[in-house]
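Every number in this text was worked out from the coordinates using simple rules, so none of it is lab data. Just so you know, these numbers come straight off a predicted model, no measurement behind them. Virtual Cβ from ideal backbone geometry, glycine too; neighbours counted across all protein chains shown.
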Amino acid sequence: MTTESEITLPLEGLKILDLSRVLAGPFCCALMGEQGADVIKVERPVTGDENRRWGDLWHGESIDFMNVNRNKRGITVDLKSDMGQEIIRKLAGWADVLVESFPPGKVEKFGLDYPNLKEVNKRLVYCSLSAFGDKGELRSKPGYDGTLQAFSGHMLITGEADGGPVRTGASVIDMSTGFTAYSAIMTALWAREKSGRGQRVMVSLLQTALSVMGSHAAVFLNTGHQPKRAGGGLSHLSPYGAYKTKDGYISAGALSQDAWIRFCRALGRDDLTREACFADLPQRLENKKQLDDILSESFLQKTSAEWIERFEAEKVVIAPINSLSQSLGHPQVEANDLIVSTDHPYGNLKLVGLPFSHDGKKTKPQRPPPLLGQHTDEILMEFGYSLAEIKTLRKDGAI
């Protein structure tokens, strides 16, 4: 296991100004902060990021907020005030990257849009995140993860075949957009190495939602076929799905004809390979319900552990359908250093760490998530504000 002293911080020296809210933008900035970037999180005074009040709380703080805002220093600024806007312009002159998630058109009202700020800092990479993109009639329409799962078609292909549309439990569009923004920003920073100039990066939940749709979108574009809901499986593979066992659930499938033969052998149902209605994938898809009924009855005869042993012996893909307790507590998770912790003012805060490593080494959280406005005075003093000026800014509501 890698020790902290052996870990280099690949983004050390990179300066990030985070004006974004909720999940996608904050998650992107948290990833950069975890690799050594100096991230300043800007929130509105008094109320802060609305995500501070969402979901389960830990010592009165939103865990959802803390998860995507670790590795940052926090400052509160009223962007509607002239003095607040001046603070942001000073911070933008310092920053390598600015990330914002205001509805298109709103940031221009503050004079903090890219055309204005690139006059302050020509090397600034300015990343804008929106729900529906910066063009078209819906450009200013607000939207969150569930909104875009609905609009993009995700919900219509999720759920049981005979059920209604279902939202994916995790906020996959928001979190994936954080990865999209991260990769787009890194691309722009690499381009800056050659040009010496920053640029505006545009990222949207809609673009991400359609991109992660993968082959489902490509199939429709080229055939016009609407993918069907398939519960724990896929509509274009059979067998492939979630099955109840004697003591739980497993996910198993056969992704090739050879795997189908091994699947049946592991199940103890070699007779199925001789059935004409299951002879090949087209036949199995045509008779999918009949096959699933047979498999469901067979899987009930043994425990999940027994099936996993039998299927793994035949090299057939299979996995238990775990609870978070089983997943996060699994030795495989520990072996890959996937859980990290940070010393929050309220105690030891545990989180899922970076989803990648470099040379087998992973960085750890550099800072706990900030309390609302925790570093306001510290940051302003770094930028030349005196204590008297800070007192005036606070009195006037600019911070």
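According to the square roots a ≥ b ≥ c of the eigenvalues of the Cα gyration tensor, what is the shape class of region 22-79, taking rounded for a/c under 1.5, prolate for a/b larger than b/c otherwise, and oblate for the remainder? All intermediate terms of the calculation are to be shown ahead of the outcome.
Details: a/c = 1.94, a/b = 1.18, b/c = 1.65.
It is oblate, given that a/c is not under 1.5 and a/b is not larger than b/c.
Once you order the gyration tensor axes a ≥ b ≥ c over the Cα atoms, which shape class does region 202-262 get: rounded for a/c under 1.5, otherwise prolate or oblate by comparing a/b with b/c? Can you show the working numbers first?
Numbers: a/c = 2.82, a/b = 1.76, b/c = 1.60.
Verdict is prolate for region 202-262.
Checking the a/c ratio against 1.5 first, then a/b against b/c, what shape does the Cα gyration tensor give for region 107-223?
Details: a/c = 2.83, a/b = 2.03, b/c = 1.39.
Taking the square roots of the gyration eigenvalues as a ≥ b ≥ c, region 107-223 is prolate.
Can you check what the net charge comes to around residue 33, using other residues whose Cβ is under 10 Å from the Cβ of residue 33 (Lys, Arg +1; Asp, Glu -1)? Before the final figure, lay out each step's value.
On the way: positive: 41, 70, 72, 73, 367; negative: 18, 34, 38.
Every neighbour counted, the sum reads +2.
Quick one: work out the % antiparallel among DSSP beta bridges in the chain, nearest 5. Please list the in-between numbers first.
Details: 17 of 39 bridges.
Expressed as a percentage, antiparallel bridges in the chain total about 45.
Applying 1/(1 + (r/R0)^6) with R0 = 41 Å to the Cβ-Cβ distance of residue 249 and residue 386, what FRET efficiency is obtained, to the nearest 0.05?
Values: r = 63 Å, r/R0 = 1.53.
Efficiency for this residue pair is about 0.05.
Could you check the simple spin-label distance between residue 211 and residue 120, using points 7 Å along Cα→Cβ, in nm with one decimal?
Result: 2.7 nm between the two label points.
Could you check the spin-label model distance between residue 348 and residue 86? Points 7 Å from the Cα along Cα→Cβ, value in nm.
Result for the modelled spin labels: 4.7 nm.
Can you list the residues of region 127-158 with backbone N under 16 Å from a point 7 Å past the Cα of residue 219, pointing along Cα to Cβ?
Only 153-158 pass the distance filter.
Quick one: work out Rg over Rh on the C-alpha atoms of the chain, Rh as Kirkwood radius.
1.05
How are the alpha carbon pair distances in region 240-321 distributed across 10 Å bins from zero to the largest one, expressed in percent?
Calculated P(r), rounded to whole percents: 19, 58, 23, 0.
Put +1 on the Cβ of every Lys and Arg and -1 on every Asp and Glu Cβ in the chain; which of 372, 23, 142 then has its Cα farthest towards the positive end of the dipole?
Value: 142.
Which net charge results for the neighbourhood of residue 192, defined as the other residues with beta-carbon distances under 11 angstrom from its beta-carbon, given Lys and Arg at +1 and Asp and Glu at -1? Before the final figure, lay out each step's value.
Values: positive: 122, 123, 194, 197; negative: 96, 193.
Result for the local shell: +2.
Give me the net charge of residue 157's neighbourhood, meaning all other residues with Cβ under 13 Å from the Cβ of residue 157; Lys, Arg count +1, Asp, Glu -1. Walk me through the intermediate numbers first.
Values: positive: 167, 228, 229; negative: 160.
Once positives and negatives cancel, what remains is +2.
Quick one: of 246/289; 15/361; 90/364; 15/194; 72/391; 194/362, which pairs are farther than 25 Å apart, Cα to Cα? Mind showing how you got there, number by number?
Working: 246/289 21 Å; 15/361 22 Å; 90/364 29 Å; 15/194 19 Å; 72/391 23 Å; 194/362 28 Å.
As for pairs spanning more than 25 Å Cα to Cα, those are 90/364; 194/362.
Got the relative contact order for region 240-321 handy, in percent, Cα pairs under 8 Å and 6 or more residues apart?
Working: 111 pairs, mean separation 36.9, N = 82.
Here the relative contact order equals 45 percent.
Using helices alone, I'd like the mean residue ellipticity at 222 nm for the chain: each DSSP H run of four-plus residues gives -39500 (n - 2.57), total over residue count, nearest 500. Show your work: numbers first, answer last.
Working: 17 runs with 155 residues, N = 399.
My calculation for the chain gives -11000 deg cm²/dmol from helical runs alone.
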